[in-house]
Every structure is written in structure tokens, then in C-alpha cells.
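The values are calculated or read from the model by the stated rules, or taken from the named source; none is laboratory data. Fair warning: this is a prediction, and the values are worked out from it, not measured in the lab. Note that we place each Cβ from the backbone using ideal geometry, even for glycine, and neighbour counts take in every protein chain shown.
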Amino acid sequence: MKNKTYLIALLITSLIFSCSSDDNLEYQNDFENSEKAWVDFKDTSNNSYKYVVLGGSVFTTYGWETTITVSNGVVIERDFRYTSGAEEFIPVDQLEWTENENEINSPEHQYTSASPALTLDEIYEKAEKEWLIKRGNATTYFEAKNNGLISFSGYVKKDCMDDCFIGITVHSIEAL
């Protein structure tokens, strides 16, 4: 009887561990490989790096970029600038700006096109928990073209017409 109880307990435990929420993740293998590359990069860079996020709009025909600087795992600077064509629509004093450590995500820049000041740890977490989840009503994307590190992650809901991408486009990542 004891052996039967152990066998049942073993089967239930195996079933629990084999039914993981990871089954709900698009690009599971690619994501895991990129996450491993991230852990290696994080170690070799002492968790100090700079990355550039690109954005743009189909409607306005101009783009922007946000550069986030992280030192020892803490965001210490966020630089933002429109890359082209915004001069006609955006006030000159808002075309480009920089926030230092004590100003990060300031109310002054809350409603801008700038990417939020996230660490790559936070970006990988959002990719895993939000952007790469399997959805029946969306097309999901993931690329790791920054030496194996995340470069494109997100989704577009079906039947959406313009500017529908929810996620991130990381143009470059470099150690400090």
C-alpha cells in the first residue's frame, strides 16, 4: 500500500511540473536562448549597459528613439529624441531631452513617445508575461538580433489597422 501511495504521489508531482505556464508562450525556445544570452551579458557587463529603443508612427511619418542607461542594475539616464520630420508638429523644446537618475520618468515627460525607463531584466519579464503570451486574436513577434539579446518582442491584434504593435523594438545594446 505504501508503494502505491508513493507511486501516485510521484505521478501527481510529475504531472504538476510538466504542466507549466510556459506552454502559453510563443517563441518559447528563442526566448529562453535569448534570456540565457542576457544572463551571460549581464554578468560580463556587471549589469551596466546602454540600449536604444526605436519607435514611430504610420500616421505622423516621424520616428523617435529613447536611450536608456543602466548602471549596476539601476536606470541612471533616459535620453529621448525625435529622429526626423517632427519639427513641424512638436515644439522645439520637446524635440529632445535627457532625464538624469533623480528625474527618470518625470511627470514632465509622462505623456511623450519616449520608451519607459526599464532595465533589460524588466523587459525580459514583460516579454515573458505580456508580449509573448499565445493569443488567438493576435500575431506575435520575437527576434534576438542584438548578439542573441532581445531586439523585437510584442504582438499586433488582428483586424487592427495602424500603429497597433504592443511591445518593444530594441535597436542596440552595449556594455558600458
Quiz item: For segment 70-105, how many residues are out of contact with any helix residue (DSSP H, G or I) (no Cβ under 7 Å at 6 or more places or on another chain), surrounded by fewer than 16 Cβ atoms within 10 Å (Cβ to Cβ) and of a type in the set (A, V, I, L, M, F, W, C)?
Solution: 3
Exercise. Return a yes/no flag: does segment 86-103 have any residue that is modelled with pLDDT of 85 or more and touching a Leu at 6+ places or on another chain (Cβ under 6 Å).
Key: no
Practice problem: Kindly state which strands (runs of 3 or more DSSP E) lie completely within segment 80-176 and contain at least 1 residues that are within 13 Å of the chain's Cα centre (by Cα) and among the hydroxyl-bearing types (Ser, Thr, Tyr). | Solution: 138-143, 152-157, 165-175
Quiz prompt | segment 94-108 residues that are under 18 Å from residue 83 (Cα atoms), paired with ones that are in a helix (DSSP H, G or I) and modelled with pLDDT under 85 (beta carbon under 8 Å, 6 or more apart) | solution = 95/86; 95/87
Exercise. Give the number of residues within segment 138-176 that are over 17 Å from residue 26 (Cβ atoms), surrounded by fewer than 19 Cβ atoms within 10 Å (Cβ to Cβ) and either in contact with a helix residue (DSSP H, G or I) (Cβ under 6 Å, 6 or more places away or on another chain) or modelled with pLDDT under 95 (or both).
Key: 6
Quiz prompt | Output for segment 109-120, where each listed residue is farther than 11 Å from residue 75 by Cα, free of Cβ contacts under 8 Å to residues at least 60 places away in the same chain and either buried (at least 17 other Cβ atoms within 10 Å of the Cβ) or not aromatic (Phe, Trp, Tyr) (or both) | solution = 109, 110, 112, 113, 114
Self-check item: Residue ID - nearest to residue 115 (Cα to Cα), chosen from residues in segment 66-79 that are in contact (Cβ under 8 Å) with a residue 40 or more places away in the chain and either aliphatic (A, V, I, L, M) or not in a strand (DSSP E or B) (or both)
Solution: 68
